[in-house]
Every structure is written in C-alpha cells, then in structure tokens.
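Have a look at the structure below before the remarks.
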Amino acid sequence: MSVIHYSVSRRFAFAMGVISIALLLGTVLSFIAPKVTPSSGIEWLAEPKHIVNFSLQTQAGEYSRQSLLGRFSIVWFGFLHCVDVCPLGLMKASELAEQLRNLGAQPQPVSFVFVSVDPERDSTEHLAQFVKHFDASLLGVTGDKLELERFASSLKVRFHVSSKGQDYSVSHGEMFAVIAPDGSLVARFAADFDVKVLAQELRLYMQAYK
C-alpha cells in the first residue's frame, strides 16, 4: 500500500509541476507576445502618394485637388446602375460616417466622396440625390473620362466602361482611398471592413496627424 501511495504521490507531484510550468510560461508569454486585436483591414502606405491635379464636378460645382485640402477624404468609385457592390459600398461608408460621428468631435474634418465612372448615365443631380439616401454627409462626384482616369490613377484604382450598342458594361476597383489634408493618398481599404475597428483606427491617425 505504501508503494502505491508513493507512486500516486509522485505522479501527482509531477502533474502539478507540469501545470505550474505551463501557467508560468503562459504568464510570461502574455507579457511578451503581442495582443491579438481585430483587423481593421486598412493598408497604410509606407510613403504618402502625391495626387495629381484633376477637375470633376458635383451638383454644387467643381471638385478638384483643391477640394481635398484641409480635410480627410474617404473616396471610392462606382456607378448608379451597379446593383450589388456599389450599394454595399455606400451602405458601409454611411455606417463608417455615423460611427465616426458617434466617437465625438472629429480631430479633422472628414468628407465621404463617391465617384461615378459612368458620367454618360450618372448626372451630378442624380448622384447627389442617390447618395443622400444613405447619409446626408456623402458627396457624389463625376466628370469626363480623362479627368476621372487622372484621379483614379492617382488613387491606384482602375475602371473600364464599354458602351458598344446594347453591350454597356462598367467595371471598377472596389478599394476605398484615404486622402490626408495635404492632398496625398495615405491608405486604402476594402469594402468588407469592420466599421467600429476602422473608425477607431482612423480617429487615432487623425488625432496624430500634423
């Protein structure tokens, strides 16, 4: 009996030792290892990218590189006859705008700009009416093809419009661009972003921006 008791005791002591070491390692690693947090999905550029001069139109008038200065701008591309991706992008943008407002007064002004790559069918009036259905702060912009291409190229966005007879098709990049108050591209993110996480990260960047 004493032998059995001794064996069990040794096994118990060994097990407790393993558990103690595991707990100690867990405690140490909790200080060493980085905290895992939900990803905002945003890609910050290593160096800000200069945006060339361009001239587009809103319902109120010209929208140019000058319009970007003095505020942060969230810009993305689409067209009004888009039935899936574009409405989703507008909905997510409106949620992001609301979430930023919920965080309190903004460190910097922020504009949300939806750019239509289909000016033949999307007038500035229709754009203004359409985007306001999602959020009153959204701005609708379009213009001629060359100016749209200049702006899109600066933001690393591609689009193509084919209008051969009945075969009218439009394709475009789905990334959102973040433009700083100095008129440079500083970040990009996709439409499947986490609204709360991204809003917090943008706010922190805006607070630190000088």
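The values are calculated or read from the model by the stated rules, or taken from the named source; none is laboratory data. These numbers were taken from a predicted model, which means no experiment stands behind them. Every residue, glycine as well, gets a Cβ built from its backbone with ideal geometry; the counts of neighbours run over all protein chains shown. Side chains included, ligands, DNA and RNA excluded: accessible areas come from the protein's heavy atoms. Shrake-Rupley method; radii C 1.70, N 1.55, O 1.52, S 1.80 Å.
When the range 68-111 is limited to residues that are charged (D, E, K, R) and within 13 Å of the chain's Cα centre (by Cα), the one that is farthest from D135 (Cα to Cα) turns out to be K92.
Against the conditions (1) of a type outside the set (K, R); (2) surrounded by fewer than 17 Cβ atoms within 10 Å (Cβ to Cβ); (3) touching a residue at least 40 places away in the same chain (Cβ under 8 Å); (4) touching a Ser or Thr at 6+ places or on another chain (Cβ under 9 Å), T142 satisfies every one except (2). Are any of the residues in the range 58-65 in a helix (DSSP H, G or I) and either over 19 Å from T142 (Cα atoms) or in contact (Cβ under 8 Å) with a residue 40 or more places away in the chain (or both)? Scanning the range 58-65 turns up at least one residue that is in a helix (DSSP H, G or I) and either over 19 Å from T142 (Cα atoms) or in contact (Cβ under 8 Å) with a residue 40 or more places away in the chain (or both). Taking into account only those residues within the range 158-210 that are surrounded by fewer than 17 Cβ atoms within 10 Å (Cβ to Cβ) and of a type in the set (F, W, Y), which is nearest to the chain's Cα centre (by Cα)? Per the criteria, the residue is Y209.
Residues in the range 75-97 that are part of a helix (DSSP H, G or I) and open to solvent by 10 Å² or more (accessible area, probe 1.4 Å): V85, P87, L88, M91, K92, S94, E95. When the residues of the range 113-138 are filtered to those that are crowded, with 21+ Cβ neighbours inside 10 Å and not in a loop (DSSP other than H, G, I, E, B), which remaining residue is farthest from the chain's Cα centre (by Cα)? Across the range 113-138, the extreme among qualifying residues is L127.
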